[in-house]
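S.K.: I'd like to ask some things about the structure below.
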Amino acid sequence: MAEDCIFCQIVDGEIPARVVYEDADVLAFLDANPLAPGHTLVIPKEHHETLGDVPPESGEMMFAALHYLTPIVEDVVGADGSNVAFNNGEAAGQEVPHVHGHIIPRFDDDGGRPVHAVAGERPDLSDAELDDIADSIADSAGEE
Ligand code: 5GP
Ligand code: ZN
């Protein structure tokens, strides 16, 4: 547990939350400032800041919970779809430094935007640059 972490305090029951799911590794609760009815956060109980810090097993449990809960949340609030996303790191808008996946229910004509709307200006990348990036990622991923 990290001392000043709000989400660790929720895991420990020191701060109340509307918990919707819990198992040995994962906790899910409603976001206190929901972007839509049913806006849910899914966290590993262990404190890790970003996805890259999460050990593989914990990551698998977190994804399993996201996968399990997303259709349930959609169904309960009568959503037409959802955005499931992480603000991963401060540069990406992460405010609580305990990794968490958002399940944000979406409704036809809710006026929201797709995940594509989160990034800044689109880069103008040449084919050679794209090839280079793809090769580098594939090389690094192959080393894991
Ligand atoms: P981030 O920007 O870090 O991805 O999102 C943090 C989310 O946590 C925000 O959507 C915010 O509303 C939510 N949040 C912050 N503090 C609390 C809290 O104490 N309880 C709950 N349930 N949600 C919180
Ligand atoms: Zn924490």
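The values are calculated or read from the model by the stated rules, or taken from the named source; none is laboratory data. Quick caveat: nothing in here was measured; it's all calculated off a predicted structure. Using ideal geometry, Cβ is built from the backbone for each residue, glycine included, and neighbour counts are taken over all protein chains shown. Remember, those area values only see protein heavy atoms, side chains included, never the ligands or the DNA or RNA. Shrake-Rupley method; radii C 1.70, N 1.55, O 1.52, S 1.80 Å.
S.K.: Kindly establish whether ILE15 is modelled with pLDDT of 95 or more, within 14 Å of ligand 2 (Cβ to nearest atom) and either part of a loop (DSSP other than H, G, I, E, B) or more than 13 Å from the chain's Cα centre (by Cα) (or both). Talk me through it step by step, then tell me what you get.
M.R.: Numbers: modelled with pLDDT of 95 or more: yes; within 14 Å of ligand 2 (Cβ to nearest atom): yes; either part of a loop (DSSP other than H, G, I, E, B) or more than 13 Å from the chain's Cα centre (by Cα) (or both): yes.
Against the criterion (modelled with pLDDT of 95 or more, within 14 Å of ligand 2 (Cβ to nearest atom) and either part of a loop (DSSP other than H, G, I, E, B) or more than 13 Å from the chain's Cα centre (by Cα) (or both)), ILE15 qualifies.
S.K.: Ok, one more. I'm trying to understand the selection: among the residues of the stretch 89-110, which are open to solvent by 70 Å² or more (accessible area, probe 1.4 Å), more than 8 Å from ligand 1 (Cβ to nearest atom) and either part of a loop (DSSP other than H, G, I, E, B) or of a type in the set (S, T, N, Q) (or both)? Let's see the steps before the verdict.
M.R.: Step one: of the stretch 89-110, the residues open to solvent by 70 Å² or more (accessible area, probe 1.4 Å) are 90-91, 95, 108-109.
With the extra rule that they be more than 8 Å from ligand 1 (Cβ to nearest atom), the set shrinks to 90-91, 108-109.
Those that are open to solvent by 70 Å² or more (accessible area, probe 1.4 Å), more than 8 Å from ligand 1 (Cβ to nearest atom) and either part of a loop (DSSP other than H, G, I, E, B) or of a type in the set (S, T, N, Q) (or both): ASP108, ASP109.
S.K.: Residues that are in contact (Cβ under 8 Å) with a residue 12 or more places away in the chain, among the polar types (S, T, N, Q) and within 25 Å of ASP4 (Cβ to Cβ): does the stretch 39-49 have at least one?
M.R.: Here is the first cut: in the stretch 39-49, the residues in contact (Cβ under 8 Å) with a residue 12 or more places away in the chain are 39-49.
Narrowing the set further to residues that are among the polar types (S, T, N, Q) leaves 40.
Going one step further and asking which of them are within 25 Å of ASP4 (Cβ to Cβ), we end up with 40.
For the stretch 39-49, residues in contact (Cβ under 8 Å) with a residue 12 or more places away in the chain, among the polar types (S, T, N, Q) and within 25 Å of ASP4 (Cβ to Cβ): present.
S.K.: Given the residues GLU74, GLU3, which is the only one that is more than 30 Å from ALA141 (Cα to Cα) and assigned to a loop (DSSP other than H, G, I, E, B)? First the steps, then the outcome.
M.R.: Values: GLU74 fails: assigned to a loop (DSSP other than H, G, I, E, B).
None of the other options fit; the residue is GLU3.
S.K.: Out of everything in the stretch 7-26 that is surrounded by fewer than 19 Cβ atoms within 10 Å (Cβ to Cβ) and touching a Leu at 6+ places or on another chain (Cβ under 9 Å), what residue ends up being nearest to PRO97 (Cα to Cα)?
M.R.: Ranking the qualifying residues of the stretch 7-26, first place goes to ALA17.
S.K.: Can you report the number of residues in the stretch 90-99 which are within 21 Å of VAL11 (Cβ to Cβ) and without any contact (Cβ under 8 Å) to a residue 40 or more places away in the chain? Walk me through how you get there before you give the answer.
M.R.: As a first pass, look at the stretch 90-99 and keep what is within 21 Å of VAL11 (Cβ to Cβ): 94-99.
Imposing the further condition that a residue be without any contact (Cβ under 8 Å) to a residue 40 or more places away in the chain reduces the set to 95.
Matching residues across the stretch 90-99 total 1.
S.K.: Within the stretch 27-56, work out how many residues are away from ligand 1 (no atom under 14 Å from the Cβ), touching a strand residue (DSSP E or B) at 6+ places or on another chain (Cβ under 7 Å) and among the charged types (D, E, K, R).
M.R.: Of the residues in the stretch 27-56, 1 are away from ligand 1 (no atom under 14 Å from the Cβ), touching a strand residue (DSSP E or B) at 6+ places or on another chain (Cβ under 7 Å) and among the charged types (D, E, K, R).
S.K.: List pairs: first residue in the stretch 1-24 and more than 12 Å from ligand 1 (Cβ to nearest atom), second residue open to solvent by less than 40 Å² (accessible area, probe 1.4 Å) anywhere in the structure, Cβ distance under 6 angstrom, at least six positions apart or on different chains.
M.R.: Qualifying pairs under 6 Å: MET1/CYS8; ALA2/CYS8; TYR21/ALA28; TYR21/LEU69.
S.K.: Can we say THR50 is open to solvent by less than 80 Å² (accessible area, probe 1.4 Å) and away from ligand 2 (no atom under 15 Å from the Cβ)?
M.R.: Working: open to solvent by less than 80 Å² (accessible area, probe 1.4 Å): yes; away from ligand 2 (no atom under 15 Å from the Cβ): no.
The answer is no for THR50.
S.K.: Could you pull out the residue among PHE63, PHE29 that is of a type outside the set (D, E, K, R) and either within 12 Å of ligand 2 (Cβ to nearest atom) or open to solvent by 50 Å² or more (accessible area, probe 1.4 Å) (or both)?
M.R.: Working: PHE29 fails: either within 12 Å of ligand 2 (Cβ to nearest atom) or open to solvent by 50 Å² or more (accessible area, probe 1.4 Å) (or both).
After applying the criteria, what remains is PHE63.
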